[in-house]
Amino acid sequence: NKTVAPYITDPTVLGNPVKIVYAGSVFEYAQQQSLIDCCQAVAQLANEGVTVQLDIHCPPSHITGIEERFVISHVIKLHGPLTDDADFFSTICAADILLIPVNFDKKSIDFIRYSMPTRVPAYMASGTPILVYGPSNVAQVQYAEKLSWGLVLINRDIKLLKEAIICLIENSKFRVKLSACACATARVSHDMQLVQENFRTSLATLHANE
């Protein structure tokens, strides 16, 4: 099995099985259907002999009554939310692939278009390769496309989704590239000390120009 130092991912190493992780909300008009697509892709890959599993960490109330839409294979497991920071970071760093699913329907796009989940910077800082599955006119997908911190799939297609997962499994150099880009983006754009310093600099410049 994959051995990971606390809060550091080695993207050259894969677990056995390859562990794909989603941690977050599962809302009908945000990510529910795209996450179900990911479940279908993982289940099909497992049936085709790929040693893979998908762990979903979310509030049980978000999927009450529809659990069977997610757990369509023994390689897909449902867990409660990661409410402890240490558990959250250790889980995403122990993963081989992290998922950011976004629904493709118009109602979901209108609802989530400008949303930037708080887990995104943590995902990037973990160094774990990220798969972003969603439409291109949503902020979090655009962010990944623009700065290349994740493998982005902007078309809803189970076959392409399977190919994207296989690409991440088989292409070690690509995983390293994604990991490095994500970590660099996290350092530059999401370091709180740096953000505070930039804010103070902006205020100082504003006052100097008054």
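The values are calculated or read from the model by the stated rules, or taken from the named source; none is laboratory data. Note that the coordinates shown come from a computational prediction; the quantities given were computed from them, not determined experimentally. All Cβ positions, glycine included, derive from the backbone under ideal geometry; neighbour counts span all protein chains shown. SASA here: full protein model, heavy atoms, side chains in, ligands and nucleic acids out. Shrake-Rupley method; radii C 1.70, N 1.55, O 1.52, S 1.80 Å.
Tabulated values for the structure
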{"read-out": "Checking D157 against (1) at pLDDT below 95; (2) within 18 Å of the chain's Cα centre (by Cα), the condition it does not meet", "value": "(1)"}
{"read-out": "Selection within segment 58-89 - touching an Asp or Glu at 6+ places or on another chain (Cβ under 9 Å) and closer than 26 Å to E170 by Cβ", "value": "I76, K77"}
{"read-out": "Sole exception among (1) touching a residue at least 24 places away in the same chain (Cβ under 8 Å); (2) within 26 Å of P17 (Cβ to Cβ) for D157, by number", "value": "(1)"}
{"read-out": "Qualifying position, being at pLDDT below 95 and in contact with a strand residue (DSSP E or B) (Cβ under 8 Å, 6 or more places away or on another chain), among T91, T51", "value": "T91"}
{"read-out": "Test set (1) in a helix (DSSP H, G or I); (2) farther than 23 Å from I92 by Cβ; (3) modelled with pLDDT of 90 or more - C181 fails condition number", "value": "(2)"}
{"read-out": "Residue list for segment 160-173, restricted to those being outside any loop (DSSP other than H, G, I, E, B) and either open to solvent by 60 Å² or more (accessible area, probe 1.4 Å) or free of Cβ contacts under 8 Å to residues at least 40 places away in the same chain (or both)", "value": "L160, E163, A164, C167, E170, K173"}
{"read-out": "Every residue from segment 144-153 that is open to solvent by less than 20 Å² (accessible area, probe 1.4 Å) and assigned to a loop (DSSP other than H, G, I, E, B)", "value": "W149, G150"}
